[in-house]
Amino acid sequence: MAEVEIRRDGAVLTITLNRPDVLNALNGAAHTALRDALERAQEAEVRAVVLTGAGRGFCVGQDLQEFRSGVNDVADRLREQFNRHVLAIRALEKPVIAAVNGPAAGAGLSLALACDVRIAADEATFVPAFVGIGLVPDTGGTWLARRLLGAARAFEWLTTGRRLTAAEALQWGLVSEVVATADLAERAAEVAELFAAMPTRAVWETKRLLDAAETATFEQQLDAEAWAQAELVKTPDFTEGVAAFLEKRDAAFTGAPAERIHPVQLVVHDDLRRWRLTVALRWLLALPHVFVVGLWGYLVLPVAIVIWVMTLIRGQTPRGLHDWTSRFLRYWAHVTAYVWLVAEPFPGFRGWYGTYPVDLIIDPPRRQTRWKTLFRLPLAIPAYVLMAVLGTVLQIVAVISWFIALALGRVPKGMRDLMAYCLRYNAQTYAYLLLLTDRYPTLASGSGFQFEEG
């Protein structure tokens, strides 16, 4: 019996936690299976996901039987297991519907709260269950509950461990509807099919913007919305939606992304303003990032060799290695943009997409031609030479921009755009070298650019 069952009906993928004898508590094998299921949910053919449990329970969190040998590694277990699940759900570029068929407790409750929509059976219950055994809520429970309920109610609920019925959860706004237990699967499928028929990119951008709003200022949120809108008007779904509206018919959305010339795209939504103090101290402030990006770069080299061998054998880069290397390249782009004044904010250290005004969109792994993989290094020599030239141009323009920014508190748009052009070409070259794509970097100014002025 599989620990997690996966079923796909059209564009809807249903993930069922399948340990009904222990109310779907997750052990090591179940964690691995759930991780694999969420990776499969990333497939372009999937446009909505349902997460539910087998039997009479949704999920009661960690299987405590695995703690009989000790709990010294609990932090590592959380980071490698439950935390990865909720991060994957929030990063999944499509809606996730939790069909809560029974008790959702502990980290299982957090799994439900991490989903975009929750539908509960009338027999479902919601129990924090942490403080009762001397622990704090984990798996994002504090962040998720506070976002859904507000600080005061979340504190009262999480500390007392109060057991909420489905009706109470509906009243509190934790779930969007309650149905009879016998009707839950059918209703969850209906809601998932409704979302699957929507313009998937617009749904994802809405999800991303709502998450970003937790920490963004109003001005930053306005900029993020403007950037998303600029992206979405290029999609086939926008064209179809406008045509359907004018022709007074139902739209037939496909969820297809905007067509891009190159699979590595630079996104710039920067307002050109620079704070004089951080400009003056820019290279000193950037030292921690320079150290981290250098250390990460050393780790990338052996990984790139592994990717090269596996791509030769399989004809495609493994998804996990592709994503890890993409994060490095995105982090490198964030740091480079900060150091050379292409953007102003101090970047984070993790290379997540959507966290910096100058960002990289990197397509998922695709099939790569084996002969291009075999001869990747010699093929890349012309691009590498040109990258070195453009890197020098970037640095010269950045030094000039440094003096201008000190004087005016902003950088000229033309100079910022030229630096972004050089950065984009260099990112595409590194992506080619690191086997994130077999598409050769291009000098075409319209390839791989999105600009949105703040």
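For residue 407 and residue 156, compute 0.36 nm times the residue count separating them, minus their Cα-Cα distance, and round to one decimal in nm. Can you show the working numbers first?
Details: separation 251, 0.36 × 251 = 90.36 nm, distance 5.23 nm.
Fully extending the segment from residue 407 to residue 156 adds 85.1 nm.
Treating each Cα of the chain as an identical point scatterer and ignoring solvent, apply the Debye formula and state log10 I(q)/I(0) at q = 0.10, 0.11, 0.12 Å⁻¹.
-0.84, -0.99, -1.14
Please give the Cα centre distance for the stretch 213-228 versus the stretch 264-339, rounded to the nearest Å.
Answer, in whole Å: 23.
Ignoring everything except DSSP H segments at least 4 long, calculate the 222 nm mean residue ellipticity for the chain; use -39,500 (n - 2.57) per segment, divide by total residues, nearest 500.
Only helices count here, giving -16500 deg cm²/dmol.
For the stretch 1-66, what does the relative contact order come out to in percent, with C-alpha contacts under 8 Å and a separation of six or more?
Relative contact order of the stretch 1-66: 42 percent.
Hey, what's the per residue convex hull volume over the C-alpha atoms of the stretch 160-199, in cubic angstrom?
About 93 Å³ per residue, rounded to a whole number.
So how strong a dipole does the chain carry about its Cα centre when Lys and Arg Cβ are +1 and Asp and Glu Cβ are -1, to the nearest 20 debye? Don't skip to the answer; put the middle values down first.
On the way: 46 positive and 47 negative charges, 292 e Å.
The calculated dipole for the chain is roughly 1400 debye.
What residue among 400, 381, 306 has its Cα farthest toward the positive end of the dipole of the stretch 298-454, where the charges are +1 on Lys, Arg and -1 on Asp, Glu, each on the Cβ?
Value: 306.
As I understand it, the value is the acute angle between the Cα axis of helix 218-232 and the longest principal axis of the Cα atoms of the chain; what does it come to in degrees, rounded to 10?
That works out to roughly 80 degrees.
Could you give the C-alpha radius of gyration of the stretch 76-166 expressed as a fraction of 2.2 N^0.38 Å, taking N as the number of residues it contains?
After normalising by residue count via 2.2 N^0.38 Å, the value is 1.03.
Computed over the Cα atoms, what is the radius of gyration of the stretch 383-442 divided by 2.2 N^0.38 Å, N being its residue count?
It is 1.30.
Work from the charge dipole of the chain (Cβ charges, +1 for Lys and Arg, -1 for Asp and Glu, about the Cα centre) and give the residue of 285, 161, 31 farthest towards its positive end.
Checked the options; the winner is 285.
For 8, 208, what's the largest-to-smallest order of accessible area, 1.4 Å probe?
Correct descending sequence by accessible area is 8, 208.
Starting from one equal scatterer on each C-alpha and no solvent at all, send me the Debye-based log10 I(q)/I(0) for the stretch 310-454 at q = 0.09, 0.14, 0.17 Å⁻¹, two decimals.
-0.30, -0.69, -0.97
Taking the Cβ-Cβ separation of residue 285 and residue 212 as r and a Förster radius of 30 Å, what is the calculated FRET efficiency to the nearest 0.05?
0.80
For a distance above 20 Å, tell me the whole-number percent of Cα pairs in the stretch 209-269 that qualify.
Percentage above 20 Å: 44.
Could you tell me how many degrees, from 0 to 90 and to the nearest 10, lie between the Cα long axis of helix 376-408 and the main elongation axis, the longest principal axis, of the Cα atoms of the chain?
80 degrees
Report, in degrees rounded to the nearest 10, the 0 to 90 angle that the Cα long axis of helix 151-160 makes with the longest principal axis of the chain.
The helix 151-160 is inclined about 50 degrees to the chain.
The values are calculated or read from the model by the stated rules, or taken from the named source; none is laboratory data. Because the structure is a prediction, the values reported are computed rather than measured. For neighbour counting, all protein chains shown are included, and Cβ atoms are generated from backbone atoms with ideal geometry for every residue, glycine included. Accessible surface is based on the protein model in full, side chains and every heavy atom, while ligands, DNA and RNA are left aside. Shrake-Rupley method; radii C 1.70, N 1.55, O 1.52, S 1.80 Å.
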